[in-house]
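In what follows, a single structure is set out as structure tokens and then discussed.
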Amino acid sequence: MKGRQRGVALITALLVVALAVTAAIGMSVRDHTQIQRTTLVFEQDLARSILLGAEVMALRLLEQWPDLNELPWDDCVSPPVPLVIDGIDLIARLENLHCRFNLNSLGRTEDPPVAAFADLVARAGTESDIAGWQGEQLAAAIRDWMDPETDDPVYQLRSPPERSGNRPFLLASEANRVEGMTPEIWETIAPYVTARPGTDNLIDVERAPDVVRDAVAAQTQEPGGLRYFRLSLVARLPQRDFFHCAVLDAPNGRTVVREFTACENQTR
């Protein structure tokens, strides 16, 4: 009987020890998870502060630049620029958005560049057998999508039902919601289009890629100077990389669109 009691006591003691060890491990895991979570939150806040500071620096640089046509690189996109702010490594790239066709220009009431857009679609889609008529249909669909006085019922028939935008694009990728846009067409034209504020289609013909330059060759040269640039930033912190994308109105020193994510359809 005594041996049996000692056995029960031993098993009980082992169970108590096992429970204590399990509880200690659980507390350790929770503490580690909490520390890791706190570290990630701290890094996120730090990264955002640094990225916003870098955005302000870039904006002031562009605002004070004497001639935006004479930036110190020849292409539409600057080479990667390494920066160090408060000990954090950043990579910055600046893109001239006037090297791209402005999708919002299709929404203007007078002389929208429909033919130029159709030509761009055809030129970009040469290897994919995308025809110019598809570009014309897509241009008409984009105009309808932006027009606040129309609401094509085709969007209501989707599952789930949608409404057309009834406004200009904020991001070029919103064109994927337009009826007639296919993944193939979007992948083809994405490197050549943007969604700049306003309805102008001012193109930097000296730097724009051949597809864009040739597509707009027949359109009347639009007045004005270079204005919109897109800033792409990456902050490299120990836990992860943080991305930042901003569309800058350079002459007026203001940010038009800001996202804490990688820029869409970037030019390589």
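The values are calculated or read from the model by the stated rules, or taken from the named source; none is laboratory data. For clarity, every value in this text was computed on a predicted model and none was experimentally measured. Cβ coordinates were reconstructed from backbone atoms using ideal geometry, including for glycine residues, and neighbour counts include every protein chain displayed.
At-a-glance table
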quantity	calculated
Flag if residue 87 is at positive phi and small (Gly, Ala, Ser)	yes
Residues of the range 54-70 that turn out to be assigned to a helix (DSSP H, G or I), over 13 Å from residue 249 (Cα atoms) and more than 19 Å from the chain's Cα centre (by Cα), as a count	3
Residue ID - surrounded by the fewest Cβ atoms within 10 Å (Cβ to Cβ), chosen from residues in the range 89-127 that are of a type in the set (S, T, N, Q) and at pLDDT 95 or above	104
Unmet requirement for residue 202, which otherwise passes all of (1) closer than 23 Å to residue 173 by Cβ; (2) hydrophobic (A, V, I, L, M, F, W, C); (3) surrounded by fewer than 14 Cβ atoms within 10 Å (Cβ to Cβ)	(3)
Residues satisfying the stated conditions in the range 166-193, i.e. free of Cβ contacts under 8 Å to residues at least 60 places away in the same chain and crowded, with 21+ Cβ neighbours inside 10 Å	178
Test: residue in the range 223-238 that is of a type in the set (Lys, Arg) and farther than 20 Å from residue 76 by Cβ	yes
